[in-house]
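For reference, the structure is listed below as structure tokens.
The values are calculated or read from the model by the stated rules, or taken from the named source; none is laboratory data. Here the structure is a predicted model, which is why all the values come from computation and not from measurement. Neighbour counts are summed over all protein chains in view; Cβ atoms, including those assigned to glycine, are modelled from backbone coordinates with ideal geometry. Remember, those area values only see protein heavy atoms, side chains included, never the ligands or the DNA or RNA. Shrake-Rupley method; radii C 1.70, N 1.55, O 1.52, S 1.80 Å.
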Amino acid sequence: MKILHTADWQLGKPFAGVPDGAKRILLQQERINTLDRIGAVAREHSAGMILVAGDAFDSPSVTKATVSAACGAIGRMGCPVFVIPGNHDHGGPGSIWDQEFFREESRQLAPNLTVLLKPEPIELDQVVLFPCPLLRRHESSDPTAWLRQEGVLDEARYGGKPRIALVHGTVQGFGAQEDDEEDGGGGQPNLVDLDRLPETGLDYLALGDWHGTKEITPRAWYSGTPELDRFPKGAANQPGNVLVVDVGRGNQPRVEVVPTARHRWQDFSFHFSDDSELDRFDAQLREMVGANPGSVLVRMELEGSLGIGATTRLEGLLEAWAARLVRLRLSNRAVVAPTPQELDELTRRPGDPLISRVAARLAGLASTQGEEGNVARLALRQLHAACQAA
Amino acid sequence: MRIKSVKVRNYRVIGDWVVELDDSMTLLAGPNEAGKSTLIEALHRGLFLKASGTNAVIQKMASTQHLGGPPEVELAFQVGNRSYRLAKTFKQVGSTSLADDVGNQLRGPAAEEKLANILGVEEAANANTATAQWAHLWVWQGKSGVDPTSHATSQINRLLDQLPREGGAAVMQSPLDTRVAGEFSQKHSELFTAVGLPRAGSFLQRAMSTHEAATQAREVAEGALNRQRETIADSLAASQEIANLNGVIQRLEEEQRQVGASLETVASLRQAEQNQQAAAADSARQHEELLQADNNIRRIRGEIQEQQQLQEPLVAEDLRLKAVKAGAEEEVQSTEAAHNDAVAATRQARLRQELAVAHHTLFEKQSLRDALQARHGSVHAIRLRVANLERELARLPSITPAKLRRVQELLGDLESARAGLNAMAAGIELLAADQDVQLDGTALGVGQTRILVEPTDLRVGPSVHLRIRPGGGTTLAEAKSKEQEIRTDLRDLLDELGVASPEAAARDCAAAQQLVDEIRTERARLEGLDGDSIDGQLASSENDLLAAQTDVQQRGGLLAEGVPLPTDITEALSLKATASTALRTAEAEESRAKSARDAAIGALRVAVQSLDSHGRNMQQGDAKLNSLLGQLNLLLGMHPADDARTIRLQELRVQKDNDARELAATREQLARLQPELLEQDAGRLERSIGQRHQERNRAENRLAEARGGLRRDGSSTDPQAEFASAKAREGSALDQLNQAQARAQAVKLLHQLFDEEKRTLSEQFTNPFAERITGYLQCLFGPDVRAQVQLDGNRFQGLRMLRPGRGDAAIDFESLSAGTREQLAAAVRLAMAEVLARGHDGCLPVIFDDAFANSDPERVSLLHRMLDLAARRGLQIIVLTCNPSDYAGLGARTVQLGQRVT
């Protein structure tokens, strides 16, 4: 039996940190587009069903437009889709799953969708599902606790059908750390204790919450998000995939990682030690972004120092990159350090004694650290610009 | 440039003046309104006003007193080595000529242009601008206290040309300097207000507003998100509570059903208990009633037997008591008769005793009456004698011894009065007379003697009239009157006594006294015989005797039998004793008989009482016995006979015991069920279920409300997404704000640094200028005084004076006293003139028109030093004053004005 394991679709995510409105919409739309790609993977791999281990929606109160778009995309997937609510789209009264509008859209557009809101076994023709839904943002108790109740995973039950649990939460330190600028706020993780589950009671645990693809045990995997929604944390984090899992009762599942992401979320850092490195910076960035900057988001960190003129040039370059990329998230710690020549131009002006004197004093202040130095460097740039304009 | 002389004609009050000026110092002296200021004005017009002018201007200059033609001014001055002569005639079309000492002569505009060139000014366009020329050198009257730095500013370029030469290395800011500094100053003032706050409309203020608005929007979105989360939490809590309550209600309702079933059992048991209790009570009552009747029958029978036994001895006692009573009655009768006899005997004895007493009394009365009759005869004889004596006394006059003493006293008094009178009187005796002598009209013969006791007129002949006054004065008359008075009293008293003389009075009085004594003696005897009451006593004794006789007769009649009569008192006394003894014996006998009778009566009363009491007892016993028999008969009539009753009693006892056992069993069942607790349980459960239902309703309402709040509609947005967007916008606004603040701080820093550096530069220029001013001020205020002035861009300002010992702070020009202001102003003008003179030929004229009006004479004398220093440094000083004596020490050439120079 093959199933497709996915999670953390985060549909309706606002991408509020993206300043450009059109690009925000592009990112939002891409999350819906991803569902079509997931449907295609399922069909290609003959997966019998798609299991979504929580956080299909980014919020428990997404807009109707998001609901409709999601139901439409799920309907197009063409196979049964089972979803549990995660911490972002938790269940419970008043949640998105409780809305009449959702039920109606789901009935009309996605008859293949089943939302699993209760912790009780669902016995299907070929498989038994053990959903562990989150009914609130932060469950104080382990959502898999009910599986440990006597008789739930009894060997004698359900014939030889493979058993799959759908779980959303943090396992052994893996979980969505909600420090991303896009998130509405962090909080306590929903902790899942897999060690306390019986060794052979379940054949596969479809985990959600951690956005990278991650094998916890041979039978317990985080699928990760199918389309990145934040800059990944560390090189080990491998988001942008779905898992095609071949499960059988009593067998170790065979897991295939299938990439689905369209946008690239890249980190880029550069240290300026000389004004001449500006060209190298531009070349490296160009090489990393490649031919299609319209699908790339870059988190850039700049350090070092540049002369006044070079700083002005850098600003021009960054402006261009910000326009090209889906997003340029810039952390610019490169300081303005006038070159000796620039300093001479300002301080050695026999004809303009006043400017010379002011520039000399600013140069003195600019060599200090801290706020005073920053202001002085900025003042030097302004004085430089004023003299250039004259 | 030095002005050598000035000639003025037809200029206001001046007709035609020529004044020669000293190269160094000139004092133009003259009284007020002499024309000093007019002369100086004419000199200024000559230098700076174009000769051709409007009518109005010319009119003001034209002379009103001297109608010799248009105003004219001629000046001789020297510049360097060259002398010039300037002549101007002011008219609508005036004339100007300027000639030098090497033969050059210019006229008209060329002359004006050349002149302006020499003076270093722009050609004046009109009279007003002309007046403002050389204002720094020209202290017009009344303007001496004005801050001269504005004049310095008007000469800024010339000063700045000269000042670096004074200071040495100073450099001047370039136009670019000025422009860039101005640019940042402009930016700064666009960004900040005067007090350093961000200015409205500036990019900084806009960034702050944007950030503030973004923060507020984020707070609103955060609030909405939190409310949504709270609502979700509320709905979860409410549905959880509903589930809990459903479980609780189910449990409580099951409990309620169990309690209901138990209560039904209790109800049926209570009904059974009620029935059984009635039956048990009935059987117990029947048994009790019959048992009671049986007991009563037995008891009454016993009582009847008992009563009958009690009645038997009572009959015998009754007979005995009756016999006792009869015996007592007989005894009473016999003692009664004996007593009556004793009473009669006592009465006879008492009558005899009383008769004997009466006889004894009768003899006593007779004896008394006989004694009284004898005393009565003696009394009668004495009374006859007294009556005779009293008749004799009544015939004598009534002269008491007291009256007789009075007569004797008066006789003595009369003798004394006569003797006194004779002692005081004068005696007159006519011894010889040849003329008629009369005394008080009475003739007095020769040898005749007369006693005079009062003033007496003595006439001797017709011509001699004498008055003789006896001695003693008025006392003589009084003595005479007294003697007369006593004689009258004596006569009156004798008349009253009815005697002829005092001697007769004494004789009658003695006879009366003897009679009185005899009468008193007789009366004493009478009194000894009780004479006054003897008649009464005798009458009373007679009555007593009669009464005693009557009493004896009456008592004798009372006696039944005759008794012996006594013949005398002794016999009577013996009879009386015998009778008394007999009476006492009879009385004792009577007392004994009475006691015996009373005892018999008492015994009879006791016997009767005993019999009555016993009779009543017997009657009570009979009544009780009859009552018991009645009761017994009644009971025997109501209930079965003795055997049948015994069987019935047994049956009823068995029935009663059975009923009681059943009832006890039922009650125990009930007690085990604890009905009171069951009823409390029912109430409690009902209440509790009601409360849980209410709680569930409330929870359902809360859930419905929360669901309603969470229901999505078409217009609603995602609060979480909204919050994320608002937060991102706030972050972006904060970035913008930080950048704006950094930019603004940079502008501020630039502005500040430009300001500071400009000041430093300006000081390099102004220091030599300030030092010049200080040099002049030291003439006035001593070596420690300092002047300060600043150059700000193209403006001098901040003129201050620092005087150690007068406070550490430099004092603003405007804050100085009026006198010090004009002195400091003069020093500044002199310093300016000195600096500017370098641009000329090293000399410039400085004119002070009444410029030290506010300075005291002492300070004015110090001013001489300052002006002298200026002159020595090459300036041409011209001072106008109306008090030339104040400037006597100046050492200036003095020109007295007001003396017309032709």
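Residue by residue, here is whether (1) away from every other protein chain (no Cβ under 11 Å); (2) among the aliphatic types (A, V, I, L, M); (3) within 25 Å of residue B:860 (Cα to Cα); (4) open to solvent by less than 10 Å² (accessible area, probe 1.4 Å) holds:
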position: B:730; (1), (2), (3), (4): no, no, no, no
position: B:737; (1), (2), (3), (4): yes, yes, no, no
position: B:745; (1), (2), (3), (4): no, no, no, no
position: B:748; (1), (2), (3), (4): no, no, no, no
position: B:752; (1), (2), (3), (4): no, no, no, no
position: B:759; (1), (2), (3), (4): no, no, no, no
position: B:766; (1), (2), (3), (4): yes, no, no, yes
position: B:771; (1), (2), (3), (4): yes, no, yes, no
position: B:777; (1), (2), (3), (4): yes, yes, yes, yes
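Filter region B:57-109 down to the residues that are among the polar types (S, T, N, Q) and surrounded by fewer than 15 Cβ atoms within 10 Å (Cβ to Cβ), then identify the one that is farthest from residue B:11 (Cα to Cα). Only one residue tops the list, namely B:81. Across region A:246-268, the qualifying residues are those that are open to solvent by 70 Å² or more (accessible area, probe 1.4 Å) and among the acidic types (Asp, Glu), and the one among them that is farthest from residue A:201 (Cα to Cα) is A:267. Of these, B:677, B:652, B:685, B:663, which one is touching a residue at least 60 places away in the same chain (Cβ under 8 Å) and more than 30 Å from residue B:290 (Cβ to Cβ)? Unique residue meeting the criteria: B:685. When region B:451-499 is filtered for residues that are at positive phi and surrounded by 12 or more Cβ atoms within 10 Å (Cβ to Cβ), the ones remaining, listed by number, are B:461, B:472, B:498. Just one residue in the set B:567, B:578 is open to solvent by 70 Å² or more (accessible area, probe 1.4 Å) and outside any helix (DSSP H, G or I); that residue is B:567. Candidates are the residues of region B:214-226 that are touching a residue at least 24 places away in the same chain (Cβ under 8 Å) and of a type outside the set (S, T, N, Q); the one that is nearest to the other protein chains (Cβ to nearest Cβ) is B:225. Restricting attention to region A:1-23, the residues being under 17 Å from residue A:257 (Cβ atoms) and open to solvent by 20 Å² or more (accessible area, probe 1.4 Å) number 1. Taken over region A:297-312, the residue count meeting the criterion of being more than 32 Å from the chain's Cα centre (by Cα) and not polar (S, T, N, Q) is 5. Is it the case that residue B:2 is more than 22 Å from residue B:894 (Cβ to Cβ) and open to solvent by 40 Å² or more (accessible area, probe 1.4 Å)? Considered against the rule, which asks whether it is more than 22 Å from residue B:894 (Cβ to Cβ) and open to solvent by 40 Å² or more (accessible area, probe 1.4 Å), residue B:2 comes out as no. The selection criterion, being of a type outside the set (Val, Ile, Thr) and open to solvent by less than 60 Å² (accessible area, probe 1.4 Å), holds for residue B:696.
Can you name the residue in region B:762-790 that is in a strand (DSSP E or B) and not charged (D, E, K, R) and, of all such residues, is nearest to residue B:804 (Cα to Cα)?
My answer is B:787.
Might you let me know whether region B:16-39 holds any residue that is under 12 Å from residue B:71 (Cβ atoms) and among the small types (Gly, Ala, Ser)? Looking through region B:16-39, none of the residues is under 12 Å from residue B:71 (Cβ atoms) and among the small types (Gly, Ala, Ser). Listed by position, the helices (runs of 4 or more DSSP H) enclosed by region A:257-355 that each have at least 1 residues that are within 14 Å of chain B (Cβ to nearest Cβ), among the aliphatic types (A, V, I, L, M) and under 22 Å from residue A:368 (Cβ atoms) are A:308-324, A:340-347. Being in contact with a Lys or Arg (Cβ under 6 Å, 6 or more places away or on another chain) and away from chain B (no Cβ under 14 Å) is true of residue A:47. I'm trying to understand the selection: among the residues of region B:655-713, which are assigned to a helix (DSSP H, G or I) and within 14 Å of another protein chain (Cβ to nearest Cβ)? Listed by number, the residues that qualify are B:699, B:700, B:701, B:702, B:703, B:704, B:705, B:706, B:707, B:708, B:709, B:710. What's the total number of residues in region B:111-145 that are open to solvent by less than 50 Å² (accessible area, probe 1.4 Å) and either farther than 21 Å from residue B:54 by Cα or not in a loop (DSSP other than H, G, I, E, B) (or both)? Count: 18.
In region A:1-21, of all residues being away from every other protein chain (no Cβ under 14 Å) and at pLDDT 95 or above, the one that is nearest to residue A:220 (Cα to Cα) corresponds to A:5. Scanning region A:353-367 for residues that are surrounded by fewer than 23 Cβ atoms within 10 Å (Cβ to Cβ), more than 14 Å from residue A:337 (Cβ to Cβ) and in contact (Cβ under 8 Å) with a residue 12 or more places away in the chain turns up just one, A:360.
Taking (1) touching a residue at least 40 places away in the same chain (Cβ under 8 Å); (2) farther than 30 Å from residue B:509 by Cα in turn, residue B:423 satisfies each apart from (1). Inclusion of residue A:67 among residues that are at the interface with another protein chain (Cβ under 9 Å from one of its Cβ atoms) and free of Cβ contacts under 8 Å to residues at least 40 places away in the same chain is warranted. Counting the residues of region A:291-305 that are under 12 Å from residue A:268 (Cα atoms) and open to solvent by 20 Å² or more (accessible area, probe 1.4 Å) gives 3. Has region B:733-747 got any residue that is small (Gly, Ala, Ser) and under 24 Å from residue B:155 (Cα atoms)? Checked region B:733-747: no residue is small (Gly, Ala, Ser) and under 24 Å from residue B:155 (Cα atoms). Within region B:443-457, residues that are part of a strand (DSSP E or B) sit with their Cβ atoms under 8 Å from residues that are acidic (Asp, Glu) and modelled with pLDDT of 75 or more, at 6+ positions apart or across chains, in these pairs: B:443/B:436; B:449/B:429; B:450/B:429; B:456/B:440; B:457/B:440. For region B:184-243, the tally of residues that are open to solvent by less than 30 Å² (accessible area, probe 1.4 Å), hydrophobic (A, V, I, L, M, F, W, C) and outside any helix (DSSP H, G or I) stands at 1. Within region B:510-561, the set of residues being outside any helix (DSSP H, G or I) and either open to solvent by 50 Å² or more (accessible area, probe 1.4 Å) or in contact (Cβ under 8 Å) with a residue 24 or more places away in the chain (or both) comprises B:529, B:530, B:531, B:532, B:559, B:560, B:561.
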